[in-house]
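First the structure, in the form of C-alpha cells, and then the observations on it.
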Amino acid sequence: MRLTVSLFFVFILFAGFRGEEKIPYLAGMHGRYIAHNDTVAPAGRSIFAQYCRACHADSTKSLAPDPTILSSMTPRAIVAALDNGKMRVQGSSLTPEQRKNVAEWVTQTPIKTNNFPKEAFTPFSVAPSQSDYSGWGGNKEGTGSRTAVQAGIHAGNLSSLKLKWAFAFPDATLVRSKPAVVGDWLIVGGQYGELFALNKNTGKIGWVFTASAAIRGAIYVRESAGKITAFFADFSTNVYAVDVKTGKMIWNKRAGFDQQSAVTGSVVVYNGHVYVPISSVEVAMAANGNYSCCTSSGGVVALDAETGNELWRHRVLPPAIVSGQKKNGKPFYGPSGAPVWCSPTVDAQRGLLYIGTGENYSAPSSNTSDAIQALDLASGKLVWNFQGNSNDIYNLACPFFNNCPGKPGPDLDFGMAPILIKKPDGKDLLVAGQKSGMVYALSPSNGRLIWKTRIGKGGALGGIHWGMSTDGKYIYAANADNVLAIDQRDSTVQISPGLYALEIATGKVIWKTPSPDCEGKKGCFASNSAAPAVIPGIVFAGGLDGHIRGYASGDGKILWDFDTAREFETTDGIAGKGGAIDGPAPVMSGRLLFVNSGYGMFGEMPGNVLLCFQADQSK
C-alpha cells in the first residue's frame, strides 16, 4: 500500500523512523528531537536547563543554536566547546563529568572513540598543482561532467571496471559527502563530522580532521599561492578552511543567521569568496504544536576565503511577522522557509550566483519559494527570480496538527544545483530540475523561461531530487518518483522513475531508461534519485536499489552494473556494508570511479562505504 507524503511523514515522526533533509534531527544524524528523548545521559537534562536553556531556547531572541541544531552536533564537539572553545566561559562552572553529561544528553549519543588499526593509515604528502576535482558539480557551472582524459574511463574499458577497495565510515548509516580529488588523495566528509584524507589508490587514511557536526555536502578544494585549502560546511552552519597539506584548521566561522539555520548543501569558492547555502530545520520543528511557527529563512552567506569574515548575506525572505492564527488560537508567523538545499552555481561571465529554493513553511506564501534566483556575486543583491510553482506552503505538522497551514502544499523544492550550459549555437542556458518532475531552461541573464519538460509525476522525494548532468549534447536527469512521497494531485501523470536524456536546445526527451525492478530485495526502491555524472559516451547513475550503473549516453542502454548492497572487506578494518545510492553523483579520476553506498533514510537501505572501482589501462 502506498502512503501519501503527509501520512508518511507522520509515520516517521511517531514511529521513530529516520528521515532526510526535512527531518534532520531524526535523520541519521546523532540525536532525536531533544524534548522527547532521555535515553542517554538523563542527568544532562537538568544541567542544560540550569546553565544552557536561557540562550539556546526555541526563540528568535538569540542567535545561539537552538536545541535541534545542537542535537545534530557530535558530543565530542560540544565537550570541546565547553572545555576550551567558544563556550569555555559557560563551561568553566561545570565539572568534566557535567560537561560530558550535557553533551551526551543534547545529542542523545554516547561519547566513544573509534580506534582505527595502525594498518589503516599511510604516510601523507601532496604537492601544489595537483587538484583534480572538487565541488558539487566538479566545476563552477555545475555540469557534473568530465573529459575522457580526466576520467580515464571510456566505452573501451568500461567492462573492465572492478572493485579496487572499500572504506567504511565508523558507525555511519548513510554516506553523502562528495569527495574532492587532490593528487593521490580523496578529501571526503563523514556523518559524524570526520574529514578524511584517503589515498585514492589504496583507501588508506592520511589524516583525519574532526568538525563539529555532520559533513553532508561536497568538499571544495582551492589552490592559491602554493597553499591547498579544503572548504566545507557542517550541518550546524560552521564553515571550515582546512590546510590539505597538514589536515589542520585555518579558520572556522558560523554562517547561519537564524537559530534554526542549517547547511545541507555544498559550498562553492570563487574569486576569494566562499558561498554558503543556508537551509533550516524549522520544517521539522513545526511538528511540535507548541512551537512558534515559523520565522526562519533560507539564504546564502558569502565569506572571505582567507579569513572567514562575512562579506554579505542574502535572506530569501524578510523577517517574519504575525500572519494569522493557529487552530489552538496562538499566532502564526510568516512568511518563512524557502530554504536553499542545493549548492550555488557560479556564472563568471555575468557576475551571477544561481540558487534554488524550497517551499514556504507558513503563510503567507512568497514568490521566492520553489524558485530559481540569480544573485550578484559581489554584493548578494537579487537580480532576478523565477518561480516554478506558487502557494507551496508545507511543514511536518501537516495535515493534522496546529502548525499546518490551512491549505498545505505538495513540497516541491528546487533541491538540485542549477546547471549553466552552452547550447550548440553558443548561447547559454540555465537548466534546473524540480521535485515536481519538471525540467526548466531559463535565460541566465533575466530568468525568462525558454522551455520546460515534464519527465516525472514528482513529489516530496522527487521528481528531480538531487541533480542532473550534461555533456554539452544532452541533459541527463535522474527522476526519482519515489512511491512513498508522490504528488497525487494530477491522476493523468504517470509514475515514471528512471534516467532521462533531454535535448539541450528544446528539452525534447531523446531517451529514457526506467529504473530496473528491485526483484523483491528488502528495503529496495526502483528509483533513480541520486545525481548522475557523465563522461564521453557514458552516464554513471546510482539507484535506491544499491546498484551503480553505466549507461550509454547516446541511447540509455545499460552497459555496466554493480550491486553495492552487500558486505565489504574494508581498508580501515571497520565493518562495511553498502546500501541505497542517493545524494551526490559518483566521481571519476584517472581510471578510478568513486561511489558512495548507503542511505539509511526514508526506508532506504543503510550503509557506510565509499567504494573505489578501477578500469584497465587504455589500449
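The values are calculated or read from the model by the stated rules, or taken from the named source; none is laboratory data. From a predicted model like this one, the values you see are computed outputs, not experimental measurements. Every residue, glycine as well, gets a Cβ built from its backbone with ideal geometry; the counts of neighbours run over all protein chains shown. Areas reflect the complete protein model, heavy atoms only, side chains present, ligands, DNA and RNA absent. Shrake-Rupley method; radii C 1.70, N 1.55, O 1.52, S 1.80 Å.
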I'm told residue 551 meets every condition in (1) part of a loop (DSSP other than H, G, I, E, B); (2) in contact with a Ser or Thr (Cβ under 8 Å, 6 or more places away or on another chain) except one. Can you identify the failing condition by its number?
(1)
Anything in the stretch 205-254 that is under 18 Å from residue 342 (Cβ atoms) and surrounded by fewer than 24 Cβ atoms within 10 Å (Cβ to Cβ)? List them, or say none.
239
Which residue is nearest to residue 271 (Cα to Cα), if the candidates are limited to the stretch 221-258 and must be assigned to a loop (DSSP other than H, G, I, E, B) and hydrophobic (A, V, I, L, M, F, W, C)?
225
Considering only residues of the stretch 511-522 that are open to solvent by 60 Å² or more (accessible area, probe 1.4 Å) and at pLDDT 95 or above, which is farthest from residue 451 (Cα to Cα)?
514
Which residues, taken from the stretch 535-561, are at positive phi and either over 21 Å from the mean Cα position of the chain (by Cα) or open to solvent by 40 Å² or more (accessible area, probe 1.4 Å) (or both)?
537, 556
Condition set of a type in the set (S, T, N, Q) and part of a loop (DSSP other than H, G, I, E, B), scope the stretch 259-269, selection surrounded by the most Cβ atoms within 10 Å (Cβ to Cβ): answer is 266
On the given criteria, is residue 274 without any contact (Cβ under 8 Å) to a residue 60 or more places away in the chain and farther than 24 Å from residue 133 by Cα?
no
So for the stretch 482-492 (the condition being touching a residue at least 12 places away in the same chain (Cβ under 8 Å) and hydroxyl-bearing (Ser, Thr, Tyr)), does at least one residue qualify?
no
Among the residues of the stretch 252-271, what is the count of those that are touching a Ser or Thr at 6+ places or on another chain (Cβ under 9 Å) and more than 13 Å from residue 212 (Cα to Cα)?
13
Please count how many residues of the stretch 311-325 are β-branched (Val, Ile, Thr) and closer than 17 Å to residue 372 by Cα.
1
Here are 168, 218, 233, 155: which of them is of a type outside the set (D, E, K, R), modelled with pLDDT under 95 and out of contact with any helix residue (DSSP H, G or I) (no Cβ under 6 Å at 6 or more places or on another chain)?
155
Failed condition for residue 173, given (1) β-branched (Val, Ile, Thr); (2) within 18 Å of the chain's Cα centre (by Cα); (3) within 18 Å of residue 587 (Cα to Cα):
(3)
Total residues in the stretch 369-389, condition more than 19 Å from residue 452 (Cβ to Cβ) and either open to solvent by 40 Å² or more (accessible area, probe 1.4 Å) or not in a strand (DSSP E or B) (or both)
8
